[in-house]
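Report on the structure given below.
The values are calculated or read from the model by the stated rules, or taken from the named source; none is laboratory data. Note that the structure is predicted; figures quoted are calculated from it, not measured. Note that each Cβ is placed from the backbone with ideal geometry, even for glycine, and that neighbours are counted across all protein chains shown. To get the accessible areas, we keep the full protein, side chains included, count just its heavy atoms, and leave off ligands, DNA and RNA. Shrake-Rupley method; radii C 1.70, N 1.55, O 1.52, S 1.80 Å.
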Amino acid sequence: MSSEQRYIGEILVRRGALEPDRLESALESAAERAVDLRDFLVATHIVDDGQVVRALADEVSMEFIEKIATDQIPEELIDTVPINFARQNRVLPLSQSDDTIRVAVANPLDPFPVDDLRILLGKTIISVAASEETIDDAINRVYERKDETGLAEAKEGEEVEELRDLIDMTDEAPVIRWVNNLFYTAIKERASDIHIEPTDEKVVVRYRIDGRLVPRKEANRGFLASIVSRVKIEAGLNIAEKRLPQDGRITKKIAGKVIDVRVSTVPTAKGERVVMRLLDKEQVQLDLIDLGFAREELDQLEHLIGRPNGIILVTGPTGSGKTTTLYGCLNKINTPDKNILTAEDPVEYELRGIGQMQVQPKIGLTFASGLRSFLRQDPDVIMVGEIRDRETAEIAIHASLTGHLVLSTLHTNDAPSAVTRLVDMGVQPYQISSSVMAVLAQRLVRQLCGLCRVPYTPTPQDLLELGIDASEAQKKLGELKKVAATTVLGSTDPATLPEPTSAGLSNLKFFHPGGCDACSGTGYRGQIGIFELMLIDEPVRREILNSSDAKTIQRVAQQQGMRPLRDDGARQVIAGVTSVEEVLAATQAAEV
């Protein structure tokens with residue numbers, strides 16, 4: 001390791017950012033990986049990049065700033081510095097006077113970018129330090145603002161870019177920068193989807209953040225063809241075909257993360273519409289304890305997936321987190337002594353040690369045919385992306401009865417409806433009762449931001465909306481508080497949960513969403529699950545064999561201890577994890 005790297009390490013130790021006994025091992029590890037000490041320390045979370053920059057700035061008596069007010073940076077100042085220079089050197093001009101320019105830098109010890117700016121701008125440079133993340137974000141914001149101004153101010157009908165020119169564009173082209181900023185901003189705001197939608201007057205971009213679509217950007221309608229063509233080029237699609245839907249894939253590296261993007265284009269009356277699904281392979285939750293279960297349900301599910309055979313079904317609408325739950329189950333039981341195979345449409349995340357197959361109906365590779373082939377591969381565990389028809393259901397049942405554990409999903413509103421859905425497909429009740437071990441219904445609700453949530457005392461109307469009647473409030477609240485205290489979630493401290501009281505409502509606290517910078521003013525940050533786990537025990541099995549309807553099965557399952565979705569939502573509200581409004585939006589009121 002070079003003397004420069006050791007010097008940086010000694011500065012961090014001297015300024016209290018790094019413990020002395022960790023310096024030597026960090027230098028050795030960084031040298032083995034052929035990376036800078038700073039990059040190694042930040043990547044392994046030994047220190048935060050802000051701590052590193054602050055320590056280096058203190059060493060050279062340079063001011064350190066936490067935030068950059070991008071809206072106060074003059075656009076004419078940005079015009080003088082090429083975006084590639086700003087990004088490569090992580091420098092950004094902030095303000096100027098008659099003979100000086102104030103510039104933010106990410107490396108206070110590197111004088112060369114500042115010298116280049118002094119020559120380029122012809123003025124004295126006053127440097128201030130900021131973290132790499134702060135400067136990267138500011139660079140994208142200010143240049144994006146400049147590009148959006150240009151895209152929005154173009155006259156209607158103005159020629160924007162010829163297709164040939166678009167292919168040959170450099171990174172300085174506004175449309176390319178605008179599209180690239182779509183991805184950067186989406187990752188920064190934790191969006192799962194990007195929607196590019198044409199209207200009569202403009203192109204609107206909406207992000208799906210924590211399950212909700214939020215408008216974020218606009219461009220003049222004249223740029224629609226250029227924007228869509230740029231996305232198609234990246235996704236390897238036919239840019240000349242505008243009459244038919246197309247599907248493609250993009251792999252991008254953004255801020256050190258590898259992002260897989262699924263692209264779908266659809267022709268509409270107002271022009272082509274593009275939806276891009278972002279899959280951050282580093283962010284997928286593969287541990288069941290991160291999903292928000294109460295301890296009892298988590299223990300039951302872990303016991304079920306440890307059994308050698310049977311079927312476990314996960315139900316819910318599109319976007320309710322079913323695949324994530326199945327991945328969590330597979331990750332829990334993924335050991336070298338098990339042969340695990342999956343058939344998915346599509347394969348969203350690659351799991352190490354598991355054989356994953358993507359179905360392709362166009363060539364005859366369906367869930368049913370894939371599942372039939374799996375049985376000749378000596379599997380222990382099989383995951384089927386979705387049971388859509390009788391053939392797939394019967395093969396899954398056959399697999400479970402011949403010694404395999406089968407995990408799959410169904411599109412139903414609750415757990416008891418899964419039984420009637422299988423019967424509708426043509427599966428016999430005796431086949432269901434002999435093979436299905438449990439059905440897990442789930443929804444996703446937005447998680448309250450822990451920094452700005454606002455406590456309040458719930459009213460009887462709040463409780464009634466959660467299905468807690470005044471006459472039984474004291475008893476039911478007592479039960480739900482005990483369950484809420486077992487919520488398996490790192491951010492929930494059971495010690496802070498209120499204890500049952502004789503008044504039923506006193507000392508009980510719910511939370512409203514607030515709004516802060518960390519949650520972009522929404523009051524929510526992330527999503528968490530609410531669940532309904534129906535075990536197929538003897539009483540429920542009798543109702544299935546008697547061909548009872550879903551309501552009857554639900555009533556019997558609740559008598560056996562199943563907690564319905566609305567009650568589990570109330571558990572998360574009492575635990576301070578989500579709000580009443582989120583639970584009401586995600587669940588249906590029980591029939592009176």
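Residue by residue, here is whether (1) at pLDDT 80 or above; (2) buried (at least 18 other Cβ atoms within 10 Å of the Cβ); (3) under 20 Å from Asp568 (Cβ atoms) holds:
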residue: Val439; (1), (2), (3): yes, yes, yes
residue: Asp469; (1), (2), (3): no, no, yes
residue: Val483; (1), (2), (3): yes, yes, yes
residue: Ser502; (1), (2), (3): no, no, no
residue: Gly523; (1), (2), (3): yes, yes, no
Across (1) surrounded by fewer than 16 Cβ atoms within 10 Å (Cβ to Cβ); (2) modelled with pLDDT of 80 or more; (3) more than 35 Å from the chain's Cα centre (by Cα), Ile11 clears everything bar (1)
Index of the failed condition, Leu448 passing every other in (1) modelled with pLDDT under 90; (2) surrounded by 17 or more Cβ atoms within 10 Å (Cβ to Cβ): (1)
When residues of region 5-35 are filtered for being in contact with a helix residue (DSSP H, G or I) (Cβ under 9 Å, 6 or more places away or on another chain) and within 18 Å of Val60 (Cβ to Cβ), how many remain? 13
Checked region 192-210 for anything open to solvent by less than 20 Å² (accessible area, probe 1.4 Å) and either acidic (Asp, Glu) or without any contact (Cβ under 8 Å) to a residue 60 or more places away in the chain (or both); matches are Asp193, Val203, Val205, Tyr207, Asp210
If Glu161 satisfies every condition in (1) at pLDDT 85 or above; (2) assigned to a loop (DSSP other than H, G, I, E, B) but one, which is the exception? (1)
Flagged pairs (Cβ under 8 angstrom, 6 or more apart or on separate chains; first in region 38-53, within 21 Å of Ile65 (Cβ to Cβ) and touching a residue at least 24 places away in the same chain (Cβ under 8 Å); second open to solvent by 50 Å² or more (accessible area, probe 1.4 Å) and not in a loop (DSSP other than H, G, I, E, B)) are Asp49/Glu133; Gly50/Glu133
Answer yes or no as to whether Met383 is of a type outside the set (S, T, N, Q) and under 18 Å from Gly328 (Cβ atoms). yes
Please work out if Arg221 is under 21 Å from Asp260 (Cα atoms) and not hydrophobic (A, V, I, L, M, F, W, C). no
If a residue counts only when it is at pLDDT below 85, which strands (runs of 3 or more DSSP E) contained entirely in region 82-155 have at least 2 such residues? none
For region 235-253, state whether one or more residues are over 15 Å from the mean Cα position of the chain (by Cα), in contact (Cβ under 8 Å) with a residue 24 or more places away in the chain and within 14 Å of Leu279 (Cα to Cα). yes
Under the condition of being out of contact with any strand residue (DSSP E or B) (no Cβ under 9 Å at 6 or more places or on another chain) and within 14 Å of Val179 (Cα to Cα), which residue from region 227-253 is least open to solvent (accessible area, probe 1.4 Å)? Ser229
Taking the stated definitions as given, is Thr315 buried (at least 22 other Cβ atoms within 10 Å of the Cβ), modelled with pLDDT of 90 or more and either out of contact with any Ser or Thr (no Cβ under 9 Å at 6 or more places or on another chain) or of a type in the set (Gly, Ala, Ser) (or both)? no
Any chance region 87-98 includes a residue that's among the hydroxyl-bearing types (Ser, Thr, Tyr), within 14 Å of Ile65 (Cβ to Cβ) and without any contact (Cβ under 8 Å) to a residue 24 or more places away in the chain? yes
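If I ask for residues that are open to solvent by 30 Å² or more (accessible area, probe 1.4 Å) and in contact (Cβ under 8 Å) with a residue 24 or more places away in the chain, which ones from region 422-437 would you list?
Passing the criteria: Val423, Tyr430, Gln431, Ser434.
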Filter region 14-42 down to the residues that are exposed (fewer than 14 other Cβ atoms within 10 Å of the Cβ) and small (Gly, Ala, Ser) and list them by number. Gly16, Ser25, Ala34
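Here is a yes/no grid of residues against (1) small (Gly, Ala, Ser); (2) in contact with a His (Cβ under 8 Å, 6 or more places away or on another chain); (3) open to solvent by less than 30 Å² (accessible area, probe 1.4 Å):
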position	(1), (2), (3)
Ile46	no, no, no
Val52	no, no, yes
Glu66	no, no, no
Ala69	yes, no, no
Identify all residues within region 534-561 that are buried (at least 24 other Cβ atoms within 10 Å of the Cβ) and within 14 Å of Glu297 (Cβ to Cβ); write none if there are none. Met534, Ala557
Just give me the residues in region 79-107 being open to solvent by 20 Å² or more (accessible area, probe 1.4 Å), within 22 Å of Asp58 (Cβ to Cβ) and touching a Ser or Thr at 6+ places or on another chain (Cβ under 7 Å), in sequence order. Arg102
Restricting attention to region 421-442, does a residue exist that is within 22 Å of Cys329 (Cα to Cα) and of a type in the set (Lys, Arg)? no
Considering each of Val381, Val406 in turn, give the residue that is within 20 Å of Gly353 (Cβ to Cβ) and touching a Gly at 6+ places or on another chain (Cβ under 8 Å). Val406
Tell me, which strands (runs of 3 or more DSSP E) wholly within region 198-295 include 2 or more residues that are among the hydroxyl-bearing types (Ser, Thr, Tyr)? 257-268
If I ask for residues that are under 24 Å from the mean Cα position of the chain (by Cα) and open to solvent by 20 Å² or more (accessible area, probe 1.4 Å), which ones from region 562-572 would you list? Arg566
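Give, as residue ranges, the helices (runs of 4 or more DSSP H) completely inside region 319-416 that count at least 1 residues that are open to solvent by 40 Å² or more (accessible area, probe 1.4 Å) and within 24 Å of Glu532 (Cβ to Cβ).
Ranges flagged: 322-333.
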